[in-house]
Amino acid sequence: MYIVAVGTNDEDLHVAVKEIEKLQGGLVAAADGKILASLALPVAGLLSDEPLETVVAKLEKVERTAGKLGTKLSSPFATLSFFSSAGYP
């Protein structure tokens, strides 16, 4: 299992990684020791078993939350997934 975590402090990174483990894969935004948004991706850590509408709503929320936390990337989780891909040389 690989987890890519980006943050500004160890406490929030720890909280986020623990949530990802609980979700069995996924995307998480955390701050002040709390999970602010998440999207579970339990199928190989890449896919959701929830309805498309639910996945889209949760993805939009987690990306919006990451933006509020300071990222300037339009799709921060897709960017991190791409750069951490085993297929990327």
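Computed 3J(HN,Hα) for region 49-55, one whole-Hz value per residue from the Karplus formula 6.51 cos²θ - 1.76 cosθ + 1.60 where θ = phi - 60°, is 9, 8, x, 3, 4, 5, 4, glycine and proline marked x. With q set to 0.14, 0.18 Å⁻¹, the log10 of I(q)/I(0) for the chain, from the Debye formula over equal scatterers at the Cα positions, is -0.46, -0.78.
Just the number: Rg to Rh for region 1-46, Cα atoms, Kirkwood Rh, two decimals. Before the final figure, lay out each step's value.
Values: Rg = 9.8 Å, Rh = 10.4 Å.
On the Cα set of region 1-46, Rg over Rh gives 0.94.
Near G26, the amide H atoms lying under 5 Å from its own belong to L41; only residues 5 or more places off or on other chains count, and H is placed 1.01 Å from N. Computing Rg and the Kirkwood Rh from the Cα coordinates of region 28-78 gives a ratio, Rg/Rh, of 0.98. Rounded to the nearest whole Hz, the Karplus-based 3J(HN,Hα) values (6.51 cos²θ - 1.76 cosθ + 1.60, θ = phi - 60°) of region 57-71 follow the sequence 4, 5, 5, 4, 5, 5, 5, 4, 5, 4, x, 5, 7, x, 5, with x at glycine and proline.
Under 14 Å from the Cβ of E11, count the other residues' Cβ atoms, weight Lys and Arg +1, Asp and Glu -1, and hand me the total. With Lys, Arg at +1 and Asp, Glu at -1, the net is -2.
Give the separation of the Cα centroids, region 53-74 to region 1-47, in Å. Centre-to-centre (Cα) distance: 13 Å.
FYI, it's all coordinate maths here, none of it is from the lab. Quick caveat: nothing in here was measured; it's all calculated off a predicted structure. When we count neighbours, we look across all protein chains shown, and the Cβ atoms used for this are built from the backbone with ideal geometry, even at glycine.
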